[in-house]
Amino acid sequence: MKVLVIGAGAREHAIIDSLLADASVTSVIAAPGNAGMAAVVETRPIDVNDPEAVGALAADLTADLVVIGPEVPLVAGAADAVRSRGIACFGPSAEAAQLEGSKAFAKQVMAEADVPTAMSYVCSSVEQVEDALGQFGSPYVVKDDGLAAGKGVVVTSDRDAAVAHARECLAKGSDARVVIEEFLDGPEVSLFAITDGVTVLPLQPAQDFKRAGDGDSGPNTGGMGAYSPLPWAPSGLVADITERVLQPMVDAMRRRGTPFSGLLYAGLAMTSRGVRVIEFNARFGDPETQVVLANLRTPLGQVLLAAAQGKLADLPPLTWEPGFAVTVVVASEGYPASPRTGDAITGLADAADVAGVKVFHAGTTIRDDGAVASAGGRVLSVTAHGESLAQARERAYVAVDLISLEGSHHRRDIAEQAAADSVGG
């Protein structure tokens, strides 16, 4: 099976790493890829946000399966362009991807499916925002209705900051909207499910860390680290979420005539009132993918192809490696506000030599002088597997400390609380 993977981040690098371990996968091509992917597979230049370019490349390569990583091409219709050429594609249609593309749309489907979520108001003016904020009180939760690269949500006790974020979102266009929600207490959980539009196959749960600094300080980011599975989670958590959240959403989308096929990602809060959905994404999350796939024993390519072909029900149950995985994101100076790029990265080989460690590239490139250099905000995901969560953490940080990137920063507390047998992170 020849597989084309669309994307350039650590998520796609981790997917490729898992695909290469699948005996049924004969070749993998990454488009556009990055320095880390180029070291192990063929790469092709592409504008990932151009659906027709994605479809044309898949046809030119005679790919057997296309896996679309990022959300923007999915919302733009890249999966539709691939399928229109008769090629199997792992990723939802543009219509189905609106579960991520519009938070207001997702709320509507959740209501139809009777899925538990935060109370909310959809606002199209600052006046409506002001009123909604008054209804819920502090802490205030303000979400950009559209795609915002994981940085469209503000949770704050400062009402002025909440209004300012809403105003910024609404200034994007005449049809711009924001969603004002009640604050959900409790630890957060990320749960991925592979689905063919009928059958739902949940993966192991993960927890990610969105804030830039230790102790959840600093600005929101696309994610600074993650771990999986969750030693503190109740034994029936995945089955409960599948029954109450994932399957009802897949069923609701099918009833609407827009079946969701691909990766359905539920961001959840374990509140004092039970599980509540924070948001849905329409693709593998980053950096959770790195840790979830690190634990997966079942060949990934066969699962993704079965989902793309509507044959998930024919697969045996997924199998998992015992133990835990932790990933730590190394970010460039200035991330997330204004990341600096072009700096050389050293120590990559030494880091990869640490037992249980893989270094997944995100924002990297090859300079003219041959050096691997930073090319984005999140530069690397250093991922380690261990028999215990504490061992996985130790290995990840040993590897991180061997890497040198001028001005870079990373969190030192990824999975720290969980490894110490306390809920959170």
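Could you tell me which residue of region 2-43 is surrounded by the fewest Cβ atoms within 10 Å (Cβ to Cβ), considering only residues that are touching a helix residue (DSSP H, G or I) at 6+ places or on another chain (Cβ under 6 Å) and farther than 26 Å from Val328 by Cα? Here the answer is Ser24.
Can you go through Gly77, Gly55 and tell me which one is under 20 Å from Ser261 (Cα atoms), surrounded by fewer than 21 Cβ atoms within 10 Å (Cβ to Cβ) and more than 18 Å from the chain's Cα centre (by Cα)?
Numbers: Gly55 fails: surrounded by fewer than 21 Cβ atoms within 10 Å (Cβ to Cβ).
Among Gly77, Gly55, only Gly77 is under 20 Å from Ser261 (Cα atoms), surrounded by fewer than 21 Cβ atoms within 10 Å (Cβ to Cβ) and more than 18 Å from the chain's Cα centre (by Cα).
Of all residues in region 98-112 being buried (at least 18 other Cβ atoms within 10 Å of the Cβ), out of contact with any strand residue (DSSP E or B) (no Cβ under 8 Å at 6 or more places or on another chain) and at pLDDT 95 or above, which is nearest to Pro51 (Cα to Cα)? Only one residue tops the list, namely Gln98. Checking Phe284, Phe360 one by one, the residue that is within 20 Å of the chain's Cα centre (by Cα), among the aromatic types (Phe, Trp, Tyr), crowded, with 24+ Cβ neighbours inside 10 Å and not in a strand (DSSP E or B) is Phe284 and no other.
What residue, of Pro336, Pro317, is in contact with a strand residue (DSSP E or B) (Cβ under 7 Å, 6 or more places away or on another chain), outside any strand (DSSP E or B) and not charged (D, E, K, R)?
Going through Pro336, Pro317 in turn, the sole match is Pro336.
Taken together, the criteria place Ala392 among residues that are among the small types (Gly, Ala, Ser), in contact with a Phe, Trp or Tyr (Cβ under 7 Å, 6 or more places away or on another chain), buried (at least 17 other Cβ atoms within 10 Å of the Cβ) and within 11 Å of Ala325 (Cα to Cα).
Taken over region 194-238, the criterion of being small (Gly, Ala, Ser) and out of contact with any helix residue (DSSP H, G or I) (no Cβ under 9 Å at 6 or more places or on another chain) is satisfied by Ala212, Gly213, Gly215, Ser217, Gly218, Gly222, Ala233, Ser235, Gly236.
Within region 37-95, the set of residues being in contact with a strand residue (DSSP E or B) (Cβ under 6 Å, 6 or more places away or on another chain), outside any helix (DSSP H, G or I) and among the small types (Gly, Ala, Ser) comprises Ala63, Gly69, Ala88, Gly91. Only one entry of Ala396, Ala384 meets the criterion of being in a strand (DSSP E or B) and over 19 Å from Arg340 (Cβ atoms), and that entry is Ala384.
Within region 272-290, the presence of at least one residue that is under 23 Å from Ser93 (Cα atoms), at pLDDT below 95 and of a type in the set (D, E, K, R) is confirmed.
The values are calculated or read from the model by the stated rules, or taken from the named source; none is laboratory data. If you're wondering where the values come from, they're calculated on a predicted model, not measured in any experiment. No Cβ is skipped: glycine too gets one built from the backbone with ideal geometry, and neighbour counts run over all protein chains shown.
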